[in-house]
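**Student:** One structure follows; several queries about it will come next.
The values are calculated or read from the model by the stated rules, or taken from the named source; none is laboratory data. Quick caveat, the model's predicted, so the values are computed rather than measured. Don't worry about glycine lacking a Cβ; one is built from the backbone with ideal geometry, like all the others, and counts go over all protein chains shown.
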Amino acid sequence: MTDIKGQVDALPGTDPRAPLLQINDLHVEFHTRDGVAKAVNGASFWLNPGETLAILGESGCGKSVTAQAIMGILETPPAHITQGEVRYRGVDLLKLPEAQRRKVRANRIAMIFQDALSALNPVYSVGFQLAELFRVHRGMSRGDARKRAVELLDQVRIPGAKSRVHDYPHQFSGGMRQRVMIAMALALDPEVLIADEPTTALDVTVQAQIMGLLAELRRERNMGLVLITHDMGVVADVADRISVMYAGRVVEEAPVYDIYARPGHPYTRALLESIPRLDLKGQQLSVIQGLPPALTDIPAGCAFHPRCRYAKDPCRQDPAPPAYSIAPHRTARCHFFREVLGE
Amino acid sequence: MSDVVLQTRSLVKHFKSRDGAVRAVDGVDLQLRRGETLGVVGESGCGKSTLAKLLVGLEKPTSGAIAVRGQDMVRLKGGDLRRARRNIQMVMQDPYTSLNPRMTVGDIIGEPFEIHSDVVPKGKRRQAVQDLLDTVGLNPDHAGRYPHQFSGGQRQRIGIARALALKPEILVCDEPVSALDVSIQAQVINLLERLQDDFGLSYIFIAHDLSVVRHIADRVAVMYLGKIVEQGHDVAIYDQPTHPYTQALISAVPVPDPRLRGRRDQIVLEGDVPSPADPPSGCRFRTRCWKSQHVCGEQEPVLQIRERSPHPSACHFAEVRRVR
Amino acid sequence: MSDTRSRSLAGDAWTDLRHNKIFWASGVLVALILLMAVVPSLFTSADPAVCTLANQNQGPSSTAWFGYDFQGCDVFARTVYGTRDSLEVGLLSTLLAGVLGLIVGMAAGWFGGVVDAVLSRLTDIMLGVPLLLAAVVFSGRLSSPFEDGVFAVTLTLGLLTWTAAARVMRSAVITAKSQDYVAAARMLGAGPARLVFRHVLPNSIASFIVVITILLGTNIAAEATLSYLGAGLGGDAISWGLQIAEARNYARIAASPLVWPSVFLAVTVLAFIMLGDAIRDAFDPKLR
């Protein structure tokens, strides 16, 4: 593995002490018919090797757009990265020349998606698609590449990898297809794996298999894993740290145990309270009133204030609350985090 | 409380396909009482959606009977069938495809009145539509808007309003919240519960999300490959599951509490659900079951109360195992 | 509720169209062309049938804006008067093809099974017929040399060109009928008429409209082609196709008799296509 890494040029400006991946104040806008949609509004987080960071949020919070911005797969236009940094080992990818940037992304950052069927090309066998990666990026011979493809399918625990390598994507079940996509993502030994809702389309028993596999692979390879999801159960099971996103901002960041025990942002708290729980059966579920804001019209001040039960005057005025440091390794963008924490 | 509003007997639906018959629903018996919620859980391909379609008459059963208030829906014809159908309506899964994009919300909710013109006289329909919108928590003034102008949660409310228009006693909810965000899910679930109290509705609540079903259901039926494998009160199913599949299913649900990480009794099943076109002989779960023995392939286990299962369970080796 | 509805889809479409520049541009053009077809004398005082050989191939002048053709006829007058037959053939044949395509496509898509198999094969067979060749044979049969041939050409084009519309309609109906909202209506007890006309048709008509507007253009052009080949209009008919056919031999001496009918033809086709596009968009609430 190390010799493969050696083939990739060392990046100038690499800082050994920097986090593996660091996002600073990222802004992404979409120019739509209804105006400018601010999909990401200053998102910041970091990721260390071997760590699982969950980015938690509901649809439209900007979590997928953030991932696409990191991967450089945003459609531009309509999307524009207007501000911010995406640092890989200290090097800002957004400032690198296009060719170098593409090389880093291809070799060191990989992504898997919710819908494996549309992410795989239906007219080629999965073995061919995997082997193609090795041939293009590693210059392997046809035979070697095929051998590596089988190994990889084996590593993602696809039974009978040797024969299944000739199968086409539609011949795999949903769970197996997701494994194939994971294999494709891992082919070039990335250091960062971004998983965008990887199990949302799967059944729970299959979801358990896939999450287990991802956790294992992360440990084996000491990869950093960014898990983008809306499922608080999955997060509780696998994440080390959580960044909660709302209206394009990270509103709370904390280690997983702390956040479930004592959320520091009203939104996180409300989310946790809205999960159906056994001890509250027969009672009304607590709900977050109203709807998330339209991205073309994000409220002034704290974007959550119209739905927040803690909201007071300062929340309704710009600037938005800063990321208060509310405990060691914890931040929350809420003026009244003390009340929320119950202090 | 004991009066049965809906009952099925040996309900079977086979679809013809190139590889023979797909046994989507293969002998389902269930009962729904007035004001009760029966949760139906299972993974994709277990037949729960086909069951929903059978119940509301979107599919014709291959055999078996569906009785709504004692009337056999399969035998009824013409006007009688239309009238009987009013009593059982459905809330669909996808709020984005279940509403006609070219009709206004008022027209969508008012359509049941046009089809069953004797329910509400013409002059009062507009008012009735506005009342329905109000009932489901939407602004009655928005009747002139189109579905795409609403959010997913609001659209699901529109779907619920349409289902309520004919004042049914039974609502079949097919994954009504699975397309929605968590915070919106809670709003819709609360609405469904309030409507149940206000109108004395009975629900068949079909979902793959076990925690949602646990919250809303009084009784739960677990389906696997077209059959019910375990059935009982919610507490019985969740706290004393006796079928291995139920146990695996419950253990696979991630619990939103990181403190339980690594301490839970996690059963990770091998492989995928077999094809319903060619289900395993005997017990259909045996190919993925850790308890499987010779008898499981020979003899199909019946859904019944067993020595070690205080509620009906379709496993030869049914035994209570608390999974958490 | 019916008053709310009429306000809704059609009313909203109109509100939308009113702000659409393309709609106005193409609408005005189409109106002008139609007016030209109905009362050509509004646009020119010259008589298209009066030709003076002395004027042969004369260039444009203040009396004859587009000059004179080989026969010494006023090109502008003939182009204006040619609008009627060209448009008549185009509109009527498209109407016929549209009705046929709509019925065949809807029936195939909605009923499926054997009906679909038979109708789809019929469509395939019709698609396999070479349009121009068949039209040359067919309309030649239908028309006698003493008639203008409008009926024959219209019938021929209508019967030969409905296939694309039928195919598009069929697949749109198949997509629409499997939508959840159709199931929802069926569940409420809606009969087939309601399902088709309230739910399936409005949601499958969009691409049909596009195909039809394009067909209108190509049928107007096809009339020109047929007339050019001598299998179209004849007798005392005046049409752009005939003009182009006659002018082609003298194009090097006088371009104007060839160019102007062609320009009218192109603009007319374009105007109808743009109008169809704008109307289709306006009836899609999602684009609003």
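**Student:** Take the residues in the stretch B:163-178 that are in a loop (DSSP other than H, G, I, E, B) and touching a strand residue (DSSP E or B) at 6+ places or on another chain (Cβ under 9 Å), then tell me which one is surrounded by the most Cβ atoms within 10 Å (Cβ to Cβ).
**Tutor:** The residue in question is B:PRO176.
**Student:** Do the conditions hold for A:ASP240, that is, is it within 11 Å of chain B (Cβ to nearest Cβ) and at pLDDT 90 or above?
**Tutor:** The answer is yes for A:ASP240.
**Student:** Same structure, new question: Applying the selection to the stretch B:276-288, what residues are assigned to a loop (DSSP other than H, G, I, E, B) and without any contact (Cβ under 8 Å) to a residue 24 or more places away in the chain? Steps first, please.
**Tutor:** Initially, the stretch B:276-288 is screened for residues assigned to a loop (DSSP other than H, G, I, E, B), giving B:276-285.
Passing the criteria: B:PRO280, B:SER281, B:GLY282.
**Student:** While we're here: Checking the condition of a type outside the set (Val, Ile, Thr) and over 30 Å from B:ARG18 (Cα atoms), which residue from B:ASP265, B:ASP278, B:ASP272 passes?
**Tutor:** Just one listed residue meets the conditions, B:ASP265.
**Student:** Going by the conditions given, is B:VAL295 surrounded by fewer than 18 Cβ atoms within 10 Å (Cβ to Cβ) and within 30 Å of B:ASP19 (Cβ to Cβ)?
**Tutor:** Yes: the conditions hold for B:VAL295.
**Student:** Can you pull out the residues in the stretch C:112-139 that are assigned to a loop (DSSP other than H, G, I, E, B) and within 15 Å of C:THR163 (Cβ to Cβ)?
**Tutor:** Selection gives C:VAL129, C:PRO130.
**Student:** Take the residues of the stretch A:1-35 that are modelled with pLDDT of 70 or more and among the small types (Gly, Ala, Ser): which is nearest to A:VAL192 (Cα to Cα)?
**Tutor:** Ranking the candidates gives A:ALA18 first.
**Student:** Considering each residue of the stretch C:199-218, count those that are farther than 24 Å from B:LYS60 by Cα and at the interface with chain B (Cβ under 10 Å from one of its Cβ atoms), and give that number.
**Tutor:** Residues in the stretch C:199-218 being farther than 24 Å from B:LYS60 by Cα and at the interface with chain B (Cβ under 10 Å from one of its Cβ atoms): 5 in total.
**Student:** Within the stretch B:129-151, is even one residue touching a strand residue (DSSP E or B) at 6+ places or on another chain (Cβ under 7 Å) and away from chain A (no Cβ under 14 Å)?
**Tutor:** no
To keep it simple, each residue is scored yes or no on (1) surrounded by fewer than 23 Cβ atoms within 10 Å (Cβ to Cβ); (2) touching a residue at least 12 places away in the same chain (Cβ under 8 Å); (3) touching a Gly at 6+ places or on another chain (Cβ under 9 Å); (4) not charged (D, E, K, R).
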| position | (1), (2), (3), (4) |
| --- | --- |
| C:ARG78 | no, yes, no, no |
| C:ARG84 | yes, yes, no, no |
| C:GLU88 | yes, yes, no, no |
| C:VAL114 | yes, no, no, yes |
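**Student:** Still on this model: Identify, please: which residue in the stretch B:59-106 is in contact with a helix residue (DSSP H, G or I) (Cβ under 6 Å, 6 or more places away or on another chain) and small (Gly, Ala, Ser) and is, among those, nearest to the other protein chains (Cβ to nearest Cβ)?
**Tutor:** B:SER98
**Student:** Among the numbered criteria (1) in a loop (DSSP other than H, G, I, E, B); (2) surrounded by fewer than 24 Cβ atoms within 10 Å (Cβ to Cβ), which single criterion is violated by C:ILE273?
**Tutor:** Against the list (1) in a loop (DSSP other than H, G, I, E, B); (2) surrounded by fewer than 24 Cβ atoms within 10 Å (Cβ to Cβ), C:ILE273 comes up short only on (1).
**Student:** For the stretch C:268-285: of the residues being among the charged types (D, E, K, R) and within 14 Å of chain B (Cβ to nearest Cβ), which is nearest to C:ILE214 (Cα to Cα)? Outline the logic, then answer.
**Tutor:** Step one: list which residues in the stretch C:268-285 are among the charged types (D, E, K, R), which gives C:277, C:280-281, C:284.
Retained after the next criterion (residues that are within 14 Å of chain B (Cβ to nearest Cβ)): C:280-281, C:284.
Details: C:ARG280: 13, C:ASP281: 15, C:ASP284: 19 Å.
Here the residue is C:ARG280.
**Student:** Looking at the stretch A:249-343, what strands (runs of 3 or more DSSP E) fall wholly within it and have at least 3 residues that are away from every other protein chain (no Cβ under 14 Å) and of a type outside the set (A, V, I, L, M)? If you could, list the steps in order and put the result at the bottom.
**Tutor:** Numbers: elements: A:249-255, A:324-327, A:330-332.
Answer list for the stretch A:249-343: A:249-255.
**Student:** Among the residues of the stretch B:224-273, write down those that are under 21 Å from B:VAL28 (Cα atoms) and facing another protein chain (nearest Cβ under 7 Å).
**Tutor:** Answer for the stretch B:224-273, where residues must be under 21 Å from B:VAL28 (Cα atoms) and facing another protein chain (nearest Cβ under 7 Å): just B:LEU249.
**Student:** On to the next question. Pick out the one residue from A:ALA303, A:ALA294 that is touching a Phe, Trp or Tyr at 6+ places or on another chain (Cβ under 7 Å) and closer than 30 Å to A:ASP34 by Cα.
**Tutor:** Answer to the check: A:ALA303.
**Student:** Now, a different point. Only residues that are closer than 21 Å to C:PHE264 by Cβ and in contact with a Leu (Cβ under 8 Å, 6 or more places away or on another chain): list them for the stretch C:84-101, please.
**Tutor:** Residues satisfying the conditions are C:ASP85, C:SER86, C:LEU87, C:VAL89, C:GLY90, C:LEU91, C:SER93, C:THR94.
**Student:** Follow-up question, since we're still on this one. Which ones in the stretch C:51-76 are in contact (Cβ under 8 Å) with a residue 24 or more places away in the chain, more than 18 Å from C:VAL267 (Cβ to Cβ) and hydrophobic (A, V, I, L, M, F, W, C)?
**Tutor:** C:PHE70, C:CYS73
**Student:** Any chance you could count how many residues in the stretch B:179-198 are in a helix (DSSP H, G or I) and closer than 17 Å to B:ILE158 by Cα? So that I can check it myself, show each step before the final result.
**Tutor:** Applying the first criterion (in a helix (DSSP H, G or I)) to the stretch B:179-198 yields B:182-198.
Subsequent filtering for residues that are closer than 17 Å to B:ILE158 by Cα retains B:184-196.
The qualifying residues number 13.
**Student:** Okay, next question. If you check B:TYR245 against the conditions, is it over 23 Å from B:GLN187 (Cβ atoms), at pLDDT 90 or above and aromatic (Phe, Trp, Tyr)?
**Tutor:** Spelling it out, B:TYR245 is indeed over 23 Å from B:GLN187 (Cβ atoms), at pLDDT 90 or above and aromatic (Phe, Trp, Tyr).
**Student:** Would it be correct to say that B:GLN156 is assigned to a helix (DSSP H, G or I), in contact with a Pro (Cβ under 6 Å, 6 or more places away or on another chain) and surrounded by 20 or more Cβ atoms within 10 Å (Cβ to Cβ)?
**Tutor:** yes
**Student:** Please go through the stretch C:214-233 and pick out each residue that is modelled with pLDDT of 80 or more and surrounded by 22 or more Cβ atoms within 10 Å (Cβ to Cβ).
**Tutor:** C:LEU215, C:LEU216, C:ASN219, C:ILE220, C:ALA222, C:GLU223, C:LEU226
**Student:** Could I ask something else about it? Only one of (1) modelled with pLDDT under 75; (2) assigned to a helix (DSSP H, G or I); (3) more than 14 Å from chain B (Cβ to nearest Cβ) is not met by C:GLN58, so which one is it?
**Tutor:** It is condition (2) that C:GLN58 fails.
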